[in-house]
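A short worksheet on the structure shown next.
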Amino acid sequence: MRIIVFVTLAAGIALAETPVDFQRQVRPILSDNCFHCHGPDRTTRMANLRLDTREGAFAPRKQGAAIVPGQPAASLILERIRHQDPARVMPPPQSHKKISAQQQQILTRWIAQGAPWQEHWAFQQPAKPSLPTVRNTQWPRSPLDQLLLARIEAAGLTPAPEADRRPRPHRSPAPTRRRRSLRHRPRPGRLRKARRPLPRLPPVRRTPRPLLARRRPLRRHPRPPRR
């Protein structure tokens, strides 16, 4: 029993120390449940409160700020989410939306961690990330190889050995052609030419002549005489 309690406490502490990603965890909650009444649309905005911008979410108000970084108990957004009065709870019951207990925990952890706000990736200036460190520094030949090797080593694996440059055709070529192919070593960065001819393209349907151009005048047969 003590072991189970210790493991549960350790898991809770590790979860609390894990930083909350605003873009992937917090913004979807606010977007699905809060942006309709507290978003960029002026026609549906309530109480002149915006939660889609940092200035609007952290702005001081008469009853207090909606989000107070580092103080979940003083943040009005958590107070209104947990309110028991149907007239004051957010989101309102008529919206048919409800923030689950897990989502409330994510918001509480995010505010307790200082409520770090990140703008949408489309408005962020791109920055070149630093390359991860790897143990086998001889294997990567490009930055992309270094990123792949870091994931491979994190999984406890090793990259496969380099494949043989000699081609492996379905049928054995002529001796002269085989010696020539062994001497040919393509430079790195160049693609090998296809050894087989490309398949023929499908036949193109000819454009038919206009139907009216091929029409001929109809022959009118004389009507039979009336009896």
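Considering only the range 119-144, state which residues are more than 26 Å from the chain's Cα centre (by Cα) and of a type in the set (Ser, Thr, Tyr).
Thr137
Looking at the structure I just gave you, is Ser172 more than 25 Å from Ser130 (Cα to Cα), modelled with pLDDT under 75 and loosely packed, with under 10 Cβ neighbours inside 10 Å?
For Ser172, the condition - more than 25 Å from Ser130 (Cα to Cα), modelled with pLDDT under 75 and loosely packed, with under 10 Cβ neighbours inside 10 Å - is met.
Going residue by residue through the range 116-131, is there one that turns out to be of a type in the set (Lys, Arg) and within 30 Å of Ala150 (Cα to Cα)?
Yes, there is a match, as at least one residue in the range 116-131 is of a type in the set (Lys, Arg) and within 30 Å of Ala150 (Cα to Cα).
Where residues in the range 25-79 are among the small types (Gly, Ala, Ser) and not in a helix (DSSP H, G or I), which of them is nearest to Pro116 (Cα to Cα)?
Gly70
Return the only residue of Ile152, Ile67, Ile106, Ile111 being of a type in the set (A, V, I, L, M), touching a Pro at 6+ places or on another chain (Cβ under 9 Å) and touching a residue at least 40 places away in the same chain (Cβ under 8 Å).
Ile111
Confirm whether Pro86 is part of a loop (DSSP other than H, G, I, E, B), touching a helix residue (DSSP H, G or I) at 6+ places or on another chain (Cβ under 9 Å), over 14 Å from Ile29 (Cα atoms) and modelled with pLDDT under 95.
For Pro86, the condition - part of a loop (DSSP other than H, G, I, E, B), touching a helix residue (DSSP H, G or I) at 6+ places or on another chain (Cβ under 9 Å), over 14 Å from Ile29 (Cα atoms) and modelled with pLDDT under 95 - is met.
The rows are residues; the columns are (1) of a type in the set (Asp, Glu); (2) in a loop (DSSP other than H, G, I, E, B); (3) at pLDDT 55 or above; (4) over 32 Å from the mean Cα position of the chain (by Cα).
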residue: Gln146; (1), (2), (3), (4): no, no, yes, no
residue: Ala150; (1), (2), (3), (4): no, no, yes, no
residue: Glu153; (1), (2), (3), (4): yes, no, yes, no
residue: Thr158; (1), (2), (3), (4): no, yes, yes, no
residue: Asp164; (1), (2), (3), (4): yes, yes, yes, yes
residue: Ser181; (1), (2), (3), (4): no, no, no, yes
residue: Arg190; (1), (2), (3), (4): no, yes, no, no
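The values are calculated or read from the model by the stated rules, or taken from the named source; none is laboratory data. If you're wondering where the values come from, they're calculated on a predicted model, not measured in any experiment. Heads up, the Cβs are rebuilt from the backbone with ideal geometry, glycines too, and the neighbour counts pull from every protein chain shown.
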